[in-house]
1. Compare the Cα positions of His177, Gly150, Gln24 along the charge dipole of the chain (+1 at Cβ of Lys, Arg; -1 at Cβ of Asp, Glu; about the Cα centre) and return the one farthest towards the positive end.
2. Holding the Cα-Cα limit at 23 Å, pick out from Lys140/Lys249; Lys55/Lys101; Lys112/Lys135; Lys4/Lys112; Lys70/Lys112; Lys70/Lys140 the pairs that are longer than that.
3. Per the Kirkwood definition applied to all pairs of different Cα atoms, how many angstroms is the hydrodynamic radius of the stretch 1-142?
4. Around Val208, with a cut-off of 11 angstrom between Cβ atoms, what is the net charge of the other residues, counting Lys and Arg +1 and Asp and Glu -1?
5. Rank-order 158-171, 44-57 by packing density, defined as the average count of other C-beta atoms within 10 Å over each peptide's residues, highest first.
6. Just need the relative contact order of the chain here, percent rounded to a whole number, with Cα pairs under 8 Å and 6+ apart.
7. What helices does the chain have that are whole DSSP H segments, at least 15 Å long along their own axis by Cα, and with mean Kyte-Doolittle hydropathy of -0.5 or more?
8. Normalised by the empirical 2.2 N^0.38 Å for globular proteins, what value does the Cα Rg of the stretch 103-260 take?
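Computed from the coordinates by the stated procedures, all read-outs in this text should not be read as laboratory data. Bear in mind that the values here come from a model prediction, so they are computed numbers and not experimental data. Cβ: placed from backbone, ideal geometry, glycine included. Neighbour counts: every protein chain shown.
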Amino acid sequence: MDQKFVIGNWKMNTIAAEARLLSQAIADGMGIEDSVTVVVCPPFPYLSLVGEILKGHRVALGAQNLYPEKKGPFTGEVSPTMLLDLGCQYVILGHSDRRHKLGESDTFINQKVRVALAAGLNAILCVGETLEQRKADQTKKVLDQQLFQGLDGLSPATLTHLSIAYEPVWAIGSSGHHATPQQAQEAHAVIRHRFGQMFGERSAQTLVIHYGGSVNPENADAFLRRPGVDGILIGGDSLNAEQFLAIVKAGIAQAQSLVEAA
Ligand code: 13P
């Protein structure tokens, strides 16, 4: 996989003025490189605003969630149809914030993944273990279950629009813990292996797997150069255009070195 991905998850941050400034700075800082797919995922209320600013720039728009129905009596929810209407190409699903703070189950996340893919969105399914699970040596078991249930019943024809983000819960944000590139590589291998069992070796080889958890301009390169780490999903540092663009730059450098090595 020569292509690298850099995805910013703004989570529940920014107000309109900040979203405008941040997306403008990212858009302005983007070069013409196409070896890195860059995606920003602002909060729902600013998708339209950010989408307008990104028009004509090489930055795709993504959402942080959706509800798995086209429309109807689901007060407060947002449908895939609405996301497409706003110009979204990507959607993050099953983020650990939603699993652990809002109680989303693998079954519910599975419905979202299916509906997102059927609608033509690129779904980014987040998986990852908690610190307790890692300490209890359950990482593989947790990843297996999140994949097995989260990807249940997917049509093989839609798999090219699916990517997985490995985000160890304990390494996210200001938890004080950092996963090493080696730990990321090992978990990605587990994910790819499981995916291969479910959908075949060829699908596993082309599966895009991102790493997320305290990635910054200093460590991005170390993650991106690991075999099997195809992209980076950034929280905190995606709220600072300079930092975010520095990680994009690391992605471009890695993608170029892969092309040269091929
Ligand atoms: P941080 O980069 O702030 O650790 O967040 C990672 C994340 O959760 C991205 O979805």
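1. Of His177, Gly150, Gln24, it is Gly150.
2. Flagged as over cut-off: Lys140/Lys249; Lys55/Lys101; Lys112/Lys135; Lys4/Lys112; Lys70/Lys140.
3. For the stretch 1-142, the Kirkwood estimate is 16.3 Å.
4. On the way: positive: Lys4, Arg192; negative: Asp230.
Counting the neighbours of Val208, the net charge comes to +1.
5. Working: 158-171: 21.9, 44-57: 16.8.
Highest mean packing first, the order is 158-171, 44-57.
6. Relative contact order for the chain comes out at 22 percent.
7. 16-29, 106-119, 241-261
8. Here the Cα radius of gyration is 1.02 times the empirical estimate.
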